[in-house]
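The next block holds one structure in the form of structure tokens; read it before the comments.
Only the coordinates and a few stated rules stand behind these numbers; no lab work does. Computed from a prediction, not measured in an experiment: that's the story for all the values here. When we count neighbours, we look across all protein chains shown, and the Cβ atoms used for this are built from the backbone with ideal geometry, even at glycine.
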Amino acid sequence: MTNIVLITADNQPPDLLGCYGNHEVHTPHIDDLASQGVMLSRFYCTNGMCSPGRASLLTGLMPSQHGVHSWLRDVDLRNWPDTWSAIQEFDSLATVLQNSGYQTAMVGKHHLGQPRIPIPGFDETVTFVRGHTEDFYDNQVIDHGEEYEVKERQTHC
């Protein structure tokens with residue numbers, strides 16, 4: 001079975017990476033992954049905001065179909081039902097892969113509902129409590145249900 005690694009980033013144009021031709025920003029690990037895999041040269045976002053883009057990527061649906069039209073505000077978290085996920089009613093890419101025998105994991109920004117409720121289809125999750133962050137350090141992390149704060153910076157990745 002082939003491994004699938006999907007890397008997403010908010011507000012990052014492809015030309016910010018070395019594998020897409022940037023000679024000023026050094027991204028050797030991503031460039032190495034790209035050299036061994038598939039690079040998308042014509043991939044378009046259905047919505048410029050993070051939550052609808054994630055919802056579309058995971059469901060294969062347009063925002064008008066899945067209902068997430070803008071980013072989900074962290075301040076509204078307390079008003080959402082305790083188990084709410086914006087895409088819980090749809091099969092997700094993770095569910096389809098899981099049903100095909102893949103082990104699935106999500107690491108990073110969740111931002112599609114209650115952060116403590118994993119998106120259906122992911123076997124493993126390490127996500128952030130807040131969706132909008134400027135820095136991953138001093139951020140609250142949910143690691144397989146355990147919460148802690150990231151204090152130390154990594155020197156290289």
Item to check | Residue list for region 88-113, restricted to those being surrounded by fewer than 16 Cβ atoms within 10 Å (Cβ to Cβ), polar (S, T, N, Q) and in a loop (DSSP other than H, G, I, E, B) | outcome: Gln88, Ser100, Gln103
Item to check | Evaluation of Val5 against (1) surrounded by 10 or more Cβ atoms within 10 Å (Cβ to Cβ); (2) touching a residue at least 12 places away in the same chain (Cβ under 8 Å); (3) closer than 18 Å to Ile119 by Cα; (4) of a type outside the set (Phe, Trp, Tyr) (one fails), failing number | outcome: (1)
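Out of curiosity, is Gly53 small (Gly, Ala, Ser), surrounded by 16 or more Cβ atoms within 10 Å (Cβ to Cβ) and more than 24 Å from Val96 (Cβ to Cβ)?
Details: small (Gly, Ala, Ser): yes; surrounded by 16 or more Cβ atoms within 10 Å (Cβ to Cβ): yes; more than 24 Å from Val96 (Cβ to Cβ): no.
No; evaluated as a whole, the condition is false for this residue.
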Next on the checklist: Within region 47-74, take every residue that is under 14 Å from Gln114 (Cβ atoms) and either aromatic (Phe, Trp, Tyr) or assigned to a helix (DSSP H, G or I) (or both) and give me the one that is farthest from the chain's Cα centre (by Cα).
Outcome noted: Asp74
Checklist entry - Residues of region 80-137 being farther than 19 Å from Ala9 by Cα and among the polar types (S, T, N, Q), which ones? => result Thr83, Ser85, Gln88, Thr95, Gln98, Asn99, Ser100, Gln103, Gln114
Checklist entry - Picking from Val68, Val75, which residue would you name as being under 24 Å from Asn139 (Cβ atoms) and exposed (fewer than 11 other Cβ atoms within 10 Å of the Cβ)? => result Val75
